[in-house]
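For reference, the structure is listed below as structure tokens.
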Amino acid sequence: MEAKAISKGLQISPTKLRQVLSLIRGKKAGEALAILKFTPKKAARYVEKALQSALANADNNYGLDVDKLVVSEAFADRGTAMKRFRPVSMGRAHPFKRTSSHLTIVVSER
């Protein structure tokens, strides 16, 4: 049995999330939470919150034992991008995109 948590519209690029997700993929849930707690990246806070949500879903919705859970899948997909303009010299403007992402974490019993 597996439980899942999805966080959508996070204001961080998927590339930055994937760096942190590679640290916890395949690890036990408790060990993954400990790794995320001491990872000095902004993405670690988003991943930790989603992982805690997945663990709560497993406990409350499916009655799974939290001590036996493993992070079986963890991936980040590209979300919508806000198109903005940045002022530059000589009265011009350059376009840029503020990327967002969708985070999915799946935990299952070993």
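The condition of being part of a loop (DSSP other than H, G, I, E, B) and within 12 Å of the chain's Cα centre (by Cα) does not hold for Ile105.
If you go through the stretch 14-31 and pick out every residue that is in a loop (DSSP other than H, G, I, E, B) and either touching a Phe, Trp or Tyr at 6+ places or on another chain (Cβ under 9 Å) or open to solvent by 50 Å² or more (accessible area, probe 1.4 Å) (or both), you end up with 2. Please verify whether Asn57 is touching a strand residue (DSSP E or B) at 6+ places or on another chain (Cβ under 8 Å), open to solvent by 80 Å² or more (accessible area, probe 1.4 Å), under 28 Å from Ser22 (Cβ atoms) and assigned to a helix (DSSP H, G or I), treating the condition exactly as stated. So Asn57 does not fit the description; no. Of all residues in the stretch 83-95, those satisfying the criterion of being open to solvent by 70 Å² or more (accessible area, probe 1.4 Å) and either assigned to a strand (DSSP E or B) or within 27 Å of Lys4 (Cα to Cα) (or both) are Lys83, Arg84, Phe85, Arg86, Pro87, His94, Pro95. Tallying residues that are surrounded by 13 or more Cβ atoms within 10 Å (Cβ to Cβ) and of a type in the set (Asp, Glu) within the stretch 61-76 yields 1. Return yes or no: is Leu55 closer than 15 Å to Ser108 by Cα and touching a helix residue (DSSP H, G or I) at 6+ places or on another chain (Cβ under 7 Å)? It is true that Leu55 is closer than 15 Å to Ser108 by Cα and touching a helix residue (DSSP H, G or I) at 6+ places or on another chain (Cβ under 7 Å). Candidates Ala34, Ala3, Ala43, Ala50: the one that is crowded, with 17+ Cβ neighbours inside 10 Å and under 19 Å from Arg110 (Cβ atoms) is Ala3.
The values are calculated or read from the model by the stated rules, or taken from the named source; none is laboratory data. No experiment lies behind these values; they were computed from the predicted model shown. Here Cβ is always computed from backbone atoms with ideal geometry, including for glycine, and neighbour counts include all displayed protein chains. The area values use the complete protein model at the heavy-atom level, side chains included, leaving out ligands, DNA and RNA. Shrake-Rupley method; radii C 1.70, N 1.55, O 1.52, S 1.80 Å.
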